[in-house]
Amino acid sequence: MRYAIYFLVVILLLGKAEQSRPKADPTPLGIPFQRYTVEDSFGRAITFYLSAPPKEEEGAKNPVALFIEGSGCQSLFRKRDERIVGGYQNLLLREAKGRARILVVEKPGVKFLDAPARPGSAEGASEEFLKEHTLPRWAEANRAALRAVWTLPGIDASRTLVMGHSEGGIVAAMVSAESPQVTHVASLAGGGPTQLFDLTEIRGRSRVGDNPGDAERRVQDIYDEWARILKDPESISKFWLGHPYRRWSSFLTHSVTEELLRTKARIYLAQGTLDTSVSVRAHDVLVAELQARGRDVTAERLEGADHGFRTQDMPEGSPAGMQALFGRVLGWFLVAEAKAK
């Protein structure tokens with residue numbers, strides 16, 4: 001009986017190890033990333049992309065930098081004419097300069113090259129995406145990819161950065177809180193308190209042409225809608241601001257502040273003062289809360305920068321501000337780790 005239990009435990013452990021072992025997809029994609037799949041703790045097949053190893057001496061290992069994008073049901077990659085192009089992960093890869101392996105995860109329910117009419121929203125998303133896109137489930141997808149990558153050759157599992165932009169900020173914070181191996185975490189325009197704070201603070205600002213009480217009514221409208229969401233929190237057919245109730249009821253009951261207070265990782269925060277999606281006051285509150293608790297925080301409050309860290313002296317749509325920020329975050333991560341060795 002004792003031996004039967006022993007062998008059963010061994011079989012279960014082997015099965016678990018097999019589930020966490022990534023499977024490489026040999027299909028040539030025309031991108032500087034290798035596609036893999038791995039099973040997560042919910043039994044889902046998670047697709048992720050890892051940048052190719054740099055051409056270095058045999059046996060060399062590189063740290064991992066996981067990037068988590070903002071909201072929406074668009075793919076990480078899109079087709080432009082006959083070429084396949086990437087998003088922020090390509091900028092990050094450029095700034096890494098072979099010093100780190102870049103990891104990105106496709107959202108469950110999103111297929112390679114999916115290009116909805118309204119990127120950033122869940123409108124036109126698959127039913128699978130609408131059901132799967134909650135904060136804990138999306139965080140677990142990223143954690144599963146990290147666990148899988150840590151098992152690959154050429155990876156230094158002792159050094160890991162998790163970075164998120166916009167909605168990705170709170171996801172990165174939760175991933176770092178629940179993955180003790182993560183050494184560094186960065187939230188870029190990710191907010192601080194619950195997103196309800198950002199929504200009410202931004203909508204409550206005075207506008208040209210406002211009548212007395214207009215700002216207060218806009219704030220109350222948000223709280224009224226939140227009350228409706230709480231009455232039907234699992235709905236994927238009722239939408240607000242481009243996303244289903246199920247998404248809102250998940251994300252808005254958590255905060256970047258709470259998640260970062262749970263992590264032991266070093267923290268980097270960045271926020272533009274002209275961001276119209278995330279309040280700079282949320283950033284200020286987050287920095288104050290973390291500093292008050294003695295956390296290791298590096299914070300940038302970028303004057304005149306918008307949600308994508310573009311300033312007014314940059315051309316419309318320019319990614320230069322974001323790319324420069326990526327360079328600073330990677331420098332912070334890699335220099336700090338080099339000193340620790």
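The values are calculated or read from the model by the stated rules, or taken from the named source; none is laboratory data. In this text, all values refer to a predicted model and were calculated from it rather than measured experimentally. When we count neighbours, we look across all protein chains shown, and the Cβ atoms used for this are built from the backbone with ideal geometry, even at glycine. Just the protein is used for accessible areas: all its heavy atoms, side chains included, with ligands, DNA and RNA removed. Shrake-Rupley method; radii C 1.70, N 1.55, O 1.52, S 1.80 Å.
Below 8 Å, C-alpha to C-alpha, sequence gap of six or more: please give me the relative contact order for the chain in percent.
Details: 626 pairs, mean separation 51.2, N = 341.
Taking the mean separation of contacting Cα pairs over the length of the chain, I get 15 percent.
Taking the chain as a Gaussian network of alpha-carbon nodes connected by springs under 10 Å, the highest mean-square fluctuation of the residues Gly70, Gly169, Gly192 belongs to Gly70.
Ignoring ligands, DNA and RNA, what accessible area per residue does the stretch 157-311 give at 1.4 Å, in Å²? Walk me through the numbers on the way to the answer.
Values: 6600 Å² over 155 residues.
It amounts to 43 Å² per residue over the stretch 157-311.
Taking amide H as placed 1.01 Å from N in the peptide plane, Ile68 has its amide H under 5 Å from the amide H of Met163, Gly164, His165, each at least 5 places away in sequence or on another chain. Specify the angular offset, from 0 to 90 degrees and rounded to the nearest 10, of the alpha carbon long axis of helix 167-178 from the longest principal axis of the alpha carbons in the chain. Once rounded, the angle reads 50 degrees.
If you count Lys pairs in the chain whose Cα atoms are under 21 Å apart, skipping same-chain pairs closer than 8 places in sequence, the total is 18. Using the Cα centre of the chain as origin and beta-carbon charges of +1 (Lys, Arg) and -1 (Asp, Glu), tell me which of Ala177, Ser318, Gly164 is placed farthest towards the positive end of the dipole. Result: Ala177, furthest along the dipole toward the positive end.
What stretch of the chain, leaving out the sites themselves, is the longest with no GluC sites (Glu not before Pro) in a DSSP loop having at most 12 other Cβ atoms within 10 Å?
Longest gap between qualifying sites, sites excluded: 83-233.
The mean sequence distance of close C-alpha pairs (under 8 Å, at least 6 residues apart), as a share of the length of the stretch 50-142, puts its relative contact order at 34 percent. To the nearest 10 degrees, how steep is helix 280-292 against the longest Cα principal axis of the chain, on a 0 to 90 scale? Between the helix axis and the principal axis of the chain, the angle is about 60 degrees.
Roll a 1.4 angstrom probe over the protein heavy atoms and tell me the percent of accessible area of the chain that is carbon or sulfur.
Values: 8930 of 16650 Å².
On the chain, the fraction of accessible area on carbon and sulfur atoms equals 54 percent.
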